[in-house]
Amino acid sequence: MKNKLAKLKYLPNNFEIIEPGDHVVCAVSNKKIMLKDLNYWNVELQEAYFSFVEAQSKREKLKKL
């Protein structure tokens, strides 16, 4: 499944693959994240983040709302 967007359900310590694929897209930067490299996500928002930088950026943005 090369270059296919996966659909995931993000859980507290893991994720469930709803539709198979090899990557997801960062909700902040729109960078491609290979599933094997996926480490950061938000369960409540069901969003993936490329790195701690994007995850922190999203957290900061939500605090201001």
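Derivation of every value follows stated rules applied to the coordinates shown; laboratory data play no part. Since the model is a prediction, treat every value here as computed from it, not as a measurement. With ideal geometry, Cβ positions are generated from the backbone for all residues, glycine too; neighbour counts draw on all protein chains shown.
Some points to look at:
- Unique match (being part of a strand (DSSP E or B) and acidic (Asp, Glu)) among Glu16, Glu54: Glu16
- Figure legend. Inter-residue proximity from segment 1-26: first residues touching a residue at least 40 places away in the same chain (Cβ under 8 Å), second residues outside any strand (DSSP E or B), beta-carbon distance below 9 Å, spacing 6+ or different chains. Indicated pairs: Leu8/Gly21; Leu8/Leu35; Leu8/Leu38; Leu8/Gln46.
- Within segment 34-59, no residue satisfies the criterion of being in contact with a His (Cβ under 6 Å, 6 or more places away or on another chain) and crowded, with 16+ Cβ neighbours inside 10 Å.
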